[in-house]
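A quick write-up on the structure given underneath.
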Amino acid sequence: MLIYIIKRMLLMVPILLGITVLSFGIMRLAPGGPAEAQMEFSAKASAEARERLRKLYGADQPFYKQYATWLKKFVTLDFGEAFADGRKVKDKILERLPITLTINLLSLGLVLLIAIPIGIMSATRQYSLIDRFTTMFVFVGFSTPSFWLALLLIYMLGVQWGVLPISGIQSLDTTGLTLWGRLSDWAEHLILPVFVSAFGGLAGFSRYVRNNMLEVLRQDYIRTARAKGLPEKKVIYKHALRNALMPVITILGLSLPGIIGGSVILETVFGIPGMGQLLYQAVFSRDYNLAMGILVPAAFLTMLGNFLADIAYAFTDPRVRLR
Amino acid sequence: MKNRLAVIGGILVLLVFVLSIFAPFIAPYNPSNIDIKYILVGPSFSHPLGTDDLGRDVLSRMLWGGRISLEVGFVAVGIATILGIFLGSIAGYYGGWIDSLIMRAVDIMLSIPTIFLVLAVIAILEPSIINIMIVIGLTSWMEPARLIRAEFISLKEREFVIAARAIGATDVRIIMKHVLPNGLSPILVSATMGIGGAILIESALSFLGLGVQPPTPSWGSLLSSGKDNIEIAWWLSAFPGLAILITVLGYNLLGEGIRDALDPRQRE
């Protein structure tokens with residue numbers, strides 16, 4: 001087990017390096033560096049000014065030198081400054097992180113809260129009306145474009161009935177509000193984004209719980225539990241559920257990067273200043289430091305999530321032997 | 001139960017396919033015909049699904065847009081599948097360092113958020129229909145590669161492969177004639193569902209203004225103009241999104257059905 005952990009951790013190093021090289025390479029391949037992106041609209045900028053900016057960003061250096069400089073700083077956790085406003089990348093990220101984190105954690109909580117009971121219900125009553133209904137719901141949920149659902153809800157709840165705000169994370173003017181008023185204003189703004197981001201996950205997750213549960217219910221130890229006369233409730237919730245939920249750990253591990261990543265498209269639809277929007281802006285203004293500062297930690301979390309999921313799985317299930 | 005769903009999926013897929021192919025004959029109007037007398041008119045007898053902000057007929061634009069969306073879906077999945085089969089076969093058949101190399105590349109690709117790859121590549125290539133196909137293809141070959149590799153690993157030690165090697169067949173022949181045809185069924189499922197996935201990505205990109213560019217209609221770019229008019233014209237958003245939902249649903253159901261048919265062991 002220990003050897004496996006060490007091996008996996010060592011393997012993460014070359015993959016992480018590969019990730020940085022690939023994303024750095026793609027960013028640099030893009031025509032027009034940050035100097036061009038910044039001066040695109042100012043015809044007055046002289047050739048010298050452009051050159052100065054290019055030097056400042058290190059864009060006059062060959063690719064491998066730029067990468068080496070960046071990497072050297074990055075391993076000391078120095079993400080550098082954003083090109084656009086010269087502020088520290090770390091500060092810019094920390095500023096955006098809370099809102100994305102709030103939305104994603106709330107929606108993950110919502111998914112777990114709803115999906116587990118649904119999954120259990122449709123597994124214990126396989127082929128019943130409720131199982132058929134959830135099966136259909138799962139397929140529809142998988143196939144629904146999230147931004148379309150967002151638009152429909154904005155139209156119905158925001159425009160038609162006017163019960164919910166349609167964009168942003170707070171009202172334009174909150175100065176007159178009490179603390180409680182501000183909180184409820186904020187909560188109102190979160191309802192739609194949280195619901196829409198939970199919707200897609202809900203379908204997949206409840207299906208996952210259902211299939212695991214069906215698998216477990218076929219096992220011998222469940223038959224044994226029933227045979228020795230345990231009440232069905234105890235069989236389901238004590239013997240079956242525990243085993244069925246174990247693979248859920250894997251999914252939780254895998255959703256780690258998504259929690260900080262933020263969805264570019266949902267943040268665009270709802271006008272939320274989160275991580276997704278920041279990445280989008282960074283890529284299009286060729287803000288290498290900023291883009292890499294978001295991307296590499298996200299990629300690292302993806303690997304870490306995978307890794308933790310495997311380890312946690314092995315710890316909770318003695319049948320799993322990792323080599 | 002499952003079979004019925006698969007049949008529904010097949011019907012949906014076929015329906016969208018036929019409507020798109022015959023769009024030029026079915027569409028009541030020219031999709032780029034601007035009519036300033038009918039700007040943002042709701043569903044009516046003359047325009048069943050309403051008109052957009054330039055007075056163009058939404059139904060006609062959706063029928064033509066379906067051609068683009070399906071095209072993107074098929075070509076993107078084609079690229080991803082061919083690339084995946086190629087890399088997956090090599091990794092699975094030869095094993096060793098080349099397998100490690102390819103699988104690490106898969107790990108790297110899977111660790112970088114797809115949206116970044118797509119955004120960054122679009123930033124290089126400029127948005128166009130062809131580039132969208134390439135981008136989606138280049139960012140979704142990992143699953144088919146993994147599936148094919150797993151098939152190769154389990155198939156390459158079978159007697160018929162060993163027999164082929166014993167009579168002196170070349171590696172290329174063994175891969176193409178003996179192993180690959182036996183390992184294709186999981187790919188069929190992933191490709192079918194992949195078409196739905198690619199249509200979703202295309203619509204998301206076009207929605208952000210990074211995919212199919214106006215005035216060319218695709219379901220995503222129609223939704224994008226729907227977003228701008230959401231407060232006054234619900235039909236601009238509702239119908240194209242419904243078309244995406246129905247199409248993607250069709251491919252997902254069909255994919256499940258194929259999985260069931262090919263692999264009776266998973267039947268519940």
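The values are calculated or read from the model by the stated rules, or taken from the named source; none is laboratory data. All values derive from a computational prediction rather than experimental measurement. As a convention, Cβ positions derive from the backbone with ideal geometry for all residues, glycine included, and neighbour counts pool all protein chains shown.
The residues on offer are A:PHE270, A:PHE307, A:PHE315, and the sole one that is without any contact (Cβ under 8 Å) to a residue 60 or more places away in the chain and either farther than 30 Å from A:SER171 by Cβ or more than 8 Å from every other protein chain (Cβ to nearest Cβ) (or both) is A:PHE315. Just checking: which of the helices (runs of 4 or more DSSP H) contained wholly in region A:1-84 hold 3 or more residues that are modelled with pLDDT of 70 or more and basic (Lys, Arg)? Output list reads A:2-29, A:63-75.
Those residues that are in a loop (DSSP other than H, G, I, E, B), within 22 Å of the chain's Cα centre (by Cα) and not polar (S, T, N, Q), I need them from region A:136-165; list them, please. Across region A:136-165, the qualifying residue is only A:PRO145. In region B:148-169, the residues that are outside any helix (DSSP H, G or I) form no Cβ pair under 8 Å with any partner that is modelled with pLDDT of 90 or more and loosely packed, with under 13 Cβ neighbours inside 10 Å, whether six or more places apart or across chains. Out of B:VAL58, B:VAL72, one residue alone is under 26 Å from the mean Cα position of the chain (by Cα), buried (at least 22 other Cβ atoms within 10 Å of the Cβ) and modelled with pLDDT under 90. It is B:VAL58. Given the condition away from chain B (no Cβ under 14 Å) and outside any helix (DSSP H, G or I), answer yes or no: does some residue in region A:252-261 qualify? No; the residues of region A:252-261 include none that is away from chain B (no Cβ under 14 Å) and outside any helix (DSSP H, G or I). If you go through region A:200-208 one residue at a time, do you hit one that is touching a helix residue (DSSP H, G or I) at 6+ places or on another chain (Cβ under 8 Å) and closer than 26 Å to B:LEU236 by Cα? Within region A:200-208, one or more residues are touching a helix residue (DSSP H, G or I) at 6+ places or on another chain (Cβ under 8 Å) and closer than 26 Å to B:LEU236 by Cα.
Condition check: hydrophobic (A, V, I, L, M, F, W, C) and either surrounded by 18 or more Cβ atoms within 10 Å (Cβ to Cβ) or closer than 27 Å to B:TRP234 by Cβ (or both). Does B:LEU49 satisfy that? For B:LEU49, the condition - hydrophobic (A, V, I, L, M, F, W, C) and either surrounded by 18 or more Cβ atoms within 10 Å (Cβ to Cβ) or closer than 27 Å to B:TRP234 by Cβ (or both) - is met. Within region B:166-211, can you find the residues that are more than 15 Å from the chain's Cα centre (by Cα), more than 14 Å from chain A (Cβ to nearest Cβ) and surrounded by 17 or more Cβ atoms within 10 Å (Cβ to Cβ)? Answer for region B:166-211, where residues must be more than 15 Å from the chain's Cα centre (by Cα), more than 14 Å from chain A (Cβ to nearest Cβ) and surrounded by 17 or more Cβ atoms within 10 Å (Cβ to Cβ): B:ILE174, B:ILE175, B:HIS178, B:VAL179, B:LEU180, B:GLY183, B:PRO186.
Here B:GLU157 meets each of (1) more than 20 Å from A:TYR280 (Cβ to Cβ); (2) surrounded by 21 or more Cβ atoms within 10 Å (Cβ to Cβ) with one exception, condition (2). Selection within region B:117-144: residues that are away from chain A (no Cβ under 12 Å) and of a type in the set (A, V, I, L, M). The member of this set that is surrounded by the most Cβ atoms within 10 Å (Cβ to Cβ) is B:ILE132. Tell me, which residue of region B:104-116 that is part of a helix (DSSP H, G or I) and at the interface with chain A (Cβ under 7 Å from one of its Cβ atoms) is surrounded by the fewest Cβ atoms within 10 Å (Cβ to Cβ)? Restricting to residues being part of a helix (DSSP H, G or I) and at the interface with chain A (Cβ under 7 Å from one of its Cβ atoms), the top hit is B:ARG104.
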